[in-house]
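This report refers to the structure that appears directly beneath it.
The values are calculated or read from the model by the stated rules, or taken from the named source; none is laboratory data. As the structure is a prediction and not an experimental result, all values here were calculated from the model. Glycine gets a Cβ as well: all are built from the backbone with ideal geometry, and neighbour counts include every protein chain shown. In case anyone asks, the SASA skips ligands and DNA or RNA and just uses the protein heavy atoms, side chains included. Shrake-Rupley method; radii C 1.70, N 1.55, O 1.52, S 1.80 Å.
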Amino acid sequence: MSFSYQNQILFAESVAVTDLVAAYGSPLYIYSRLEIEQNYQKFDSAFGKHPHLICYAVKANSNLAVLNTLANLGSGFDIVSEGELQRVLAAGGKAENCVFSGVAKTAQAIKFALEKNVRCLNVESAAELDRIEAVARSSGISAPISIRVNPNVDAKTHPYISTGLQENKFGVEIEAAIALYQRAQDSKFLQVQGLDCHIGSQITEVSPFLDALDKLLILLEKLKAKGIQITHLDLGGGIGIQYENEQTIEIKAYVDSVLSKVGELEIILEPGRAIVGNAGIFVTKVEFLKQNSKHSFAIVDGAMNDFLRPSFYNAYHQILPVNQASSGIQANWDIVGPVCETSDFLAKNRNLNLAQGDFLALMAAGAYGKSHRMHQNIKIIPMFFEC
Ligand SMILES: *Cc1c(COP(=O)(O)O)cnc(C)c1O
């Protein structure tokens, strides 16, 4: 465990969280390099000698130190914007190991990605294929592509993070994919490489992944019959982690089931949450305690703009005291932030003993906490404008 108590103080690896907040202030994100490395190795080693590439999904956490840790392990990256590719490159990652996903790739981002030689663009619509072809033509190159299909399987997760159903905006219908592949095959400026899907996030059972894979394999056979050769299969990310008491997927068992179905084909996975989720905590300070006749509020310095998941998805995160020895008032506390929104809460109804000035750790905050879809690298220009 990368986060554990020693003498009633919460430690991140071998460092006391109390020392870190003393040095850096609060609210504060703390990441465990060790945990990230171990999570990555679990995926990588599950494949053994089978050709594979683990492409960490940058949008789960684009912190440069996180990206650098993964780049040092030889990880690939799944990016959804030019800014994310810039961050990968700045952190020492290789464009050749990047797959470019996302439904709204701009012409500028496509051009940048092609110039940097990304491994593959995961195409999400017919219009996008046209745009990629046009950019490739004007640059005089052939763009490596994969079509992201929407296999119409239920990932059995929160509706906001289900992406593989017909009603979701992602990918193209399997039936329509063949025509797109045919178009790509016939173009000098497009080079067919892979077949791709990503059915959702925080998935806690293997069966939806295998259902999707079966559909992809049927499509693969149809493409083969038309003389369209696919050299890699990209199964996306989506592997869930434990926030409360969810079952989780055993990665080796998942990979073994995949490998038993795919022959020699190279496999790409795009895990985000499963690599960084449990490697991060968010530490916040209790500014005030406030009780009325019905409710107990602990008002903390971290808010929904720092960590959105509870407000946005009603997500549960375990809350731990940084110092177990601190003693105050025992109650069922709502942990709320300073933003003027009733939805600004980090946790509700938690039985804790709290005092003003305590630090609290919100656990498993490594993924989709400090998360931006980096359109460009953040530029701070004098009018305080960020993009
Ligand atoms: C978000 C996303 C991922 C990562 O999903 P996790 O649930 O964090 O593993 C992978 N691929 C694509 C295309 C995504 O949009």
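Please pull out the direction-averaged projected area of region 33-275, using the convex hull of its alpha-carbon atoms, in nm² to one decimal place. If you can, show how the numbers build up before the last one.
Values: hull surface 48.2 nm².
For region 33-275, averaging the hull's shadow over all directions gives 12.1 nm².
Here ASP19 sits with roughly 100 square angstrom of accessible surface, probe radius 1.4 Å. Placing a pseudo-label 7 Å from each Cα along the Cα-to-Cβ vector at HIS158 and LEU308 gives an inter-label distance of 1.1 nm. Measuring only protein heavy atoms, the 1.4 Å probe finds PHE345 accessible over about 20 Å². Peptide packing: for 94-101, 180-187, 244-251, 22-29, the average count of neighbouring Cβ atoms within 10 Å per residue gives the ranking 94-101, 180-187, 22-29, 244-251, highest mean first. The value of relative contact order for region 33-275, using C-alpha pairs under 8 Å at least six residues apart, is 21 percent. Taking the Cα centre of the chain as reference, the dipole from Cβ charges on Lys and Arg (+1) and Asp and Glu (-1) amounts to some 480 debye.
Can you tell me the order of 38-44, 137-143 when each peptide is scored by its average per-residue count of other Cβ atoms within 10 angstrom, highest first?
Numbers: 38-44: 18.6, 137-143: 14.7.
Descending packing order for the listed peptides: 38-44, 137-143.
Only DSSP H runs of four or more residues enter the estimate; each adds -39500 (n - 2.57), and after division by the residues of the chain the mean residue ellipticity at 222 nm equals -9000 deg cm²/dmol.
Summarise the accessible area of the chain (1.4 Å probe, protein heavy atoms) by the percent that is carbon and sulfur. Please list the in-between numbers first.
On the way: 8670 of 17140 Å².
Carbon plus sulfur share of accessible area: 51 percent.
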